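The values are calculated or read from the model by the stated rules, or taken from the named source; none is laboratory data. As the structure is a computational prediction, the values presented were derived from the model and not from experiment. Glycine gets a Cβ as well: all are built from the backbone with ideal geometry, and neighbour counts include every protein chain shown.
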Amino acid sequence: MNNLFLFKKGALLPDFLIKSSTSTQCQVRAKARIFGKCLAQQPSASLRLAAVKTWSYLPLLRKGVTLNIRKITTAGLPTLLGAALAGEKSQLGYYLAGLLESDGTLIVPNLISKTTPKISIVFNRKEFPLAIQLKSILGYGSIQKDKSEFAINFVIRNKSGIIDLLNLVNGKIRTPKISQLHKLIDWVNENPRHNSLIGESLVKLPLDTCFLNTNGLSGFSKGDSSFQLRITEVKVD
């Protein structure tokens, strides 16, 4: 029990769950015992629901099981996306475009293959709440364990999800990754199983060269950036 995080009375239960989930020393069986004590201290219905859902994912992620969740609640979990970004599809598209360009992969099979396209975005394991929130807002996708123990993947495979994400990020890409995006658009337009869901063929929009005043930089920075503070002491003679 010395290696376990202690849950102090009055602390936020979701924060405790997120923090403890990043510890490889905190065993699932031991967590379950503490979990009961947490709920006893904070029996809020919304916290209970959020905690149960969060808790149930952790053992599955460790075993590498895909989490294909149709309905999920983020009640009680930390809010990592601003209300304006979460509620505005256009700005969310810029944010997702930035995520794709920094930590995203678009896999496009050939047309005669029986496999389907896949869009994947890598998150640090500690960013599990953000992956859940994106899934909740978009309404599709699955959360999968990465080969690295420190990462998880937000994966989109279903037809409607692929088409919706293409519409969200099309015209908002700023890097050479646009070639893979256009390849995926061509695949959707030419594949009968996918193009039957769209009224007209998707148009391949060019690179976004507008002034960077959108959430694209925020999404890109989440994956490939660091923030440092440098303090220089100046000696005065």
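Looking for whichever is of a type outside the set (Val, Ile, Thr), in the same structural domain as His194 (by TED's automatic domain parsing), closer than 26 Å to Ile198 by Cα and free of Cβ contacts under 8 Å to residues at least 12 places away in the same chain here; the options are Lys114, Lys135. Which one fits?
On the way: Lys135 fails: free of Cβ contacts under 8 Å to residues at least 12 places away in the same chain.
That would be Lys114, the only listed residue that is of a type outside the set (Val, Ile, Thr), in the same structural domain as His194 (by TED's automatic domain parsing), closer than 26 Å to Ile198 by Cα and free of Cβ contacts under 8 Å to residues at least 12 places away in the same chain.
Working only within region 213-237, note down all residues that are surrounded by 11 or more Cβ atoms within 10 Å (Cβ to Cβ) and more than 18 Å from Asn170 (Cβ to Cβ).
Applying the first criterion (surrounded by 11 or more Cβ atoms within 10 Å (Cβ to Cβ)) to region 213-237 yields 214-223.
If the condition is that a residue be surrounded by 11 or more Cβ atoms within 10 Å (Cβ to Cβ) and more than 18 Å from Asn170 (Cβ to Cβ), then Leu217, Ser218, Ser221, Lys222, Gly223 are the ones that fit.
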So how many residues does region 69-101 have that are under 14 Å from Ser221 (Cβ atoms), within 13 Å of the chain's Cα centre (by Cα) and modelled with pLDDT of 85 or more? 6
Just a yes or no: is a residue in region 205-215 under 30 Å from Lys114 (Cα atoms) and in the same structural domain as Leu138 (by TED's automatic domain parsing)? yes
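Given the options Ile156, Ile178, name the one that is assigned by TED's automatic domain parsing to the domain that holds Tyr95, in contact with a Phe, Trp or Tyr (Cβ under 8 Å, 6 or more places away or on another chain) and either exposed (fewer than 15 other Cβ atoms within 10 Å of the Cβ) or at pLDDT 95 or above (or both).
Numbers: Ile178 fails: in contact with a Phe, Trp or Tyr (Cβ under 8 Å, 6 or more places away or on another chain).
Ile156 is the lone residue from the list that is assigned by TED's automatic domain parsing to the domain that holds Tyr95, in contact with a Phe, Trp or Tyr (Cβ under 8 Å, 6 or more places away or on another chain) and either exposed (fewer than 15 other Cβ atoms within 10 Å of the Cβ) or at pLDDT 95 or above (or both).
So which residues in region 113-144 are of a type in the set (Lys, Arg) and closer than 18 Å to Gly98 by Cα? Let's see the steps before the verdict.
Taking region 113-144 first, the residues of a type in the set (Lys, Arg) are 114, 118, 125-126, 135.
Matches in region 113-144: Lys118, Lys135.
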